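Participant: The structure under discussion is supplied below as structure tokens; questions concerning it will follow.
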Amino acid sequence: MKELKLKAKLRQGTGKAFAKKLRRNGEIPCVIYGHGEQAISACVSGKDFEDLIKGNPYGVGIVNLEIKDKETFWSIIKYIQRDPISEAVLHIDFHHLHKGEKITVNVPVKATGVPVGEKEGGILEQVTHEVRIKVLPSNITPVFSVDVSQLEIGQSIHLKDIDIGDAEMDDNPERTLFHVVTPRVVEEEKPAVEEVVEGEEGEGEAEEKEEKVKEEEVKEKREEGGK
């Protein structure tokens, strides 16, 4: 796969205050480690790193970290710490590689094509977005493209069904990657029907009659009093 270059420089200070100062100056603190070697504190340009990420949406792969007056580190990005709100990069972990040694990486998965089942009204769902493999650094692929055009409604593609080249599977081969499902039909709620309690209508009529009787009695008493 394509190897990318990124310039870095040794970081003299440590701690939160120093890291904040670096970020204010447009730099990102990072660490380089691996194989039991002593970790190296460094920093990279925030702009250069963001350009690297934007240019490789499915994963960066191998990065040659060039440090002035020091060796070039053949590395992969192991972890990116981001601000939970702004998503700005706060810190980067680079893992130093040795050629000829297999490493474990997570590779993104994407679908290609339009499923037969989707044309028939089904919905394509992606269940798994990354797969874990063991591979030589030089053979890392940035993304696994999976053809889903033959999927019918009710059918699935599992991890064991895709070609991962020279890599070794380090994941559950039975994991579902994609499937086409029948769209769910949401039934409209029927308006509630008021229950009529037996006897309610009869009780209402009786009350009306009782009121009429009382009115007539009052009327009769008034007439008798006027005589």
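Participant: State whether one or more residues within segment 79-89 are among the basic types (Lys, Arg), part of a strand (DSSP E or B) and at pLDDT 90 or above.
Facilitator: yes
Participant: Mind checking which pairs have a first residue in segment 109-131 that is touching a residue at least 60 places away in the same chain (Cβ under 8 Å) and a second that is surrounded by 16 or more Cβ atoms within 10 Å (Cβ to Cβ) and not β-branched (Val, Ile, Thr), Cβ under 6 Å, 6 or more apart or different chains?
Facilitator: 109/144; 109/177; 111/178; 115/124; 115/151; 117/151; 118/124
Participant: Among the numbered criteria (1) closer than 22 Å to residue 63 by Cβ; (2) in contact with a helix residue (DSSP H, G or I) (Cβ under 8 Å, 6 or more places away or on another chain); (3) not basic (Lys, Arg), which one does residue 155 miss?
Facilitator: Failing condition for residue 155: (1).
Participant: I need the full set of residues from segment 9-29 which are buried (at least 16 other Cβ atoms within 10 Å of the Cβ) and either without any contact (Cβ under 8 Å) to a residue 12 or more places away in the chain or in contact with a Ser or Thr (Cβ under 8 Å, 6 or more places away or on another chain) (or both), in order please.
Facilitator: Within segment 9-29, 11, 27, 28, 29 qualify.
Participant: Related question: Take segment 136-162 and flag every residue that is outside any helix (DSSP H, G or I) and at pLDDT below 90.
Facilitator: Answer for segment 136-162, where residues must be outside any helix (DSSP H, G or I) and at pLDDT below 90: 136, 140, 141, 142, 143.
Participant: When residue 108 is evaluated against the numbered criteria (1) touching a Leu at 6+ places or on another chain (Cβ under 7 Å); (2) under 27 Å from residue 177 (Cα atoms); (3) part of a strand (DSSP E or B), which criterion, by number, is the only one it fails?
Facilitator: All conditions are met except number (1).
Participant: Hey, another quick one. I'd like to check something: does segment 9-28 contain any residue that is modelled with pLDDT of 90 or more and within 27 Å of residue 134 (Cβ to Cβ)?
Facilitator: no
Participant: Listed residues 102, 54; which is at negative phi, at pLDDT below 85 and among the basic types (Lys, Arg)?
Facilitator: It is 54.
Participant: Would you call residue 18 over 28 Å from residue 159 (Cβ atoms) and under 25 Å from the mean Cα position of the chain (by Cα)?
Facilitator: Spelling it out, it is not the case that residue 18 is over 28 Å from residue 159 (Cβ atoms) and under 25 Å from the mean Cα position of the chain (by Cα).
Participant: Would you mind telling me which numbered condition in (1) of a type outside the set (A, V, I, L, M); (2) touching a helix residue (DSSP H, G or I) at 6+ places or on another chain (Cβ under 9 Å); (3) surrounded by fewer than 14 Cβ atoms within 10 Å (Cβ to Cβ) residue 122 fails?
Facilitator: Unmet condition: (3).
The values are calculated or read from the model by the stated rules, or taken from the named source; none is laboratory data. Quantities reported herein were computed from a predicted structural model and do not represent experimental measurements. Ideal geometry is used to build each Cβ from the backbone, glycine not excepted, and the neighbour counts take in all protein chains shown.
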